[in-house]
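**Student:** Pasting in a structure now, in structure tokens, and then I'll have a few things to ask.
Taken together, the values in this text are just the output of simple stated rules run on the coordinates, not laboratory data. Keep in mind that what you see is a predicted model, and the values were worked out from it rather than measured. Neighbour counts are summed over all protein chains in view; Cβ atoms, including those assigned to glycine, are modelled from backbone coordinates with ideal geometry.
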Ligand code: SF4
């Protein structure tokens, strides 16, 4: 039996027609160059076109070329990426930009197979860049495309064989002119109509050929995997001394290179030398499988002459509150930092120059 038999000419025609009418212009649409397309696709892995737009423009103003990113300092790159999460993607973009200068004379390669040699470039990004920027017939299949194909064919499970079949079909059906438009159409239909929960079948151009819909099982395909969430609580010590705040730079793990307020249990002699000045609102820091409730407390010295705190690990430093804006931080820590600055502004007995 042929796999995914209802993904045929009719499917491609209906999808492309829908995209011409309802597709959202990509942030790079005004000036489609490979670097802009690449950046936008990396950002789009975690959010929608509309949400990416302002962040994309800001990034491209700061790093308009691979050369500018390759020359940037890691802290600046992470600060510019702040709020987008998955900081490894920003680090990989910077490493790939450097590699393009070292090995490709500053020119982004056209072929997906070459792009895949670059740090952090997987099958999807390679195919998206090569099809959008260089009109190569490369299917870029992400979770959206996979979900649509699974529902169209009414299959509860998905495997490597189906993935390859889908890729081959999409490449065969791509229009001669602007082949990447079929990739874009699939991705956007998945973001706007065939969404993960409660797909909007009434608005779908593929409703007439969709097996899941005809069987009434579109809500249960693909089967949902329950994601285990591990709750955590972290007490943060905001040590405020001589108008400066102690910060900690993470040197390992997924937050490597980001600055955070240190956990209380990392401060030697916390109770002995410091007293609590203020409790700030709790913040939720979600990462990988964790949901970490951050409990931030501001401390000040019990006396001015005692020993300075030493951290059990990591790089640290005292910063003027005004400097915190410059440091890259995870979003939840940024909220703590904003609350801290608000508090210091409102209480000028502790700090006069925020
Ligand atoms: S008909 Fe519904 S389930 Fe089928 S592809 Fe369209 S939105 Fe998805």
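**Student:** What is the distance, in nm, between label points placed 7 Å from the Cα along the Cα-to-Cβ direction at residue 271 and at residue 143?
**Tutor:** Going by the 7 Å Cα→Cβ label model, 4.4 nm.
**Student:** Can you give me the Kirkwood hydrodynamic radius for the chain, using every pair of distinct Cα atoms, in Å to one decimal?
**Tutor:** That comes to 23.1 Å for the chain.
**Student:** To make sure I understand, if each residue's beta carbon is the centre and we count other beta carbons within 10 Å, what order do 201, 242 fall in, fewest to most?
**Tutor:** Ascending number of Cβ neighbours within 10 Å: 242, 201.
**Student:** Could you give the length gained by full extension between residue 286 and residue 251, i.e. 0.36 nm per residue of separation minus their alpha carbon distance, to one decimal place?
**Tutor:** Full-extension gain reported as 10.7 nm.
**Student:** At R0 = 45 Å, how high is the FRET efficiency between residue 224 and residue 117 if r is their beta carbon distance? Nearest 0.05 is fine.
**Tutor:** So the FRET efficiency works out to roughly 0.80.
**Student:** Tell me, how many Å apart are the Cα centres for region 315-343 and for region 137-166?
**Tutor:** Region 315-343 and region 137-166 have Cα centres spaced 43 Å from each other.
**Student:** Measure nothing fancy, just the Cα-based angle from helix 87-103's long axis to the longest principal axis of the chain, in degrees from 0 to 90, nearest 10.
**Tutor:** Helix 87-103 sits roughly 70 degrees off the main axis of the chain.
**Student:** Next up: Between 55, 335, 197, find the one with the highest GNM mean-square fluctuation for the chain; connect C-alpha pairs within less than 10 Å.
**Tutor:** 197
**Student:** On to the next question. With a cut-off of 8 Å between alpha carbons and a minimum separation of six or more residues, what is the relative contact order of region 230-346 in percent?
**Tutor:** 35 percent.
**Student:** Under a GNM of the chain (C-alpha, springs under 10 Å), which listed residue has the highest mean-square fluctuation: 260, 121, 276?
**Tutor:** Maximum among the listed residues: 276.
**Student:** May I ask for the angle, rounded to the nearest 10°, between helix 49-62 and the longest principal axis of the chain, with both axes built from Cα atoms and the value confined to 0 to 90°?
**Tutor:** Long axis of 49-62 versus the principal axis of the chain: about 60 degrees.
**Student:** As I understand it, the value is the acute angle between the Cα axis of helix 331-346 and the longest principal axis of the Cα atoms of the chain; what does it come to in degrees, rounded to 10?
**Tutor:** The helix 331-346 is inclined about 40 degrees to the chain.
**Student:** Based only on other Cβ atoms within 10 Å, what is the fewest-to-most ordering of 288, 331, 164, 66?
**Tutor:** Lowest count first: 288, 164, 331, 66.
**Student:** Using a Förster radius of 51 Å, what is the FRET efficiency between residue 99 and residue 197 based on their Cβ-Cβ separation? Nearest 0.05, please.
**Tutor:** Rounded to the nearest 0.05, the efficiency is 0.85.
**Student:** When the helices in the chain are scored as -39500 (n - 2.57) per DSSP H run of 4 or longer and the sum is shared across all residues, what 222 nm value do you end up with, to the nearest 500 deg cm²/dmol?
**Tutor:** Calculated from helices alone, the mean residue ellipticity at 222 nm is -12500 deg cm²/dmol.
**Student:** Also: In which sequence would 153, 130 go, from the one with the fewest C-beta neighbours within 10 Å to the one with the most?
**Tutor:** By the 10 Å Cβ count, ascending: 153, 130.
**Student:** Next question. Express the relative contact order of region 1-138 as a whole percentage, based on alpha carbon pairs under 8 Å and six or more residues apart in sequence.
**Tutor:** 22
**Student:** Relative contact order for the chain: what is it in percent, counting Cα pairs under 8 Å that are at least 6 residues apart?
**Tutor:** This gives 16 percent for the chain.
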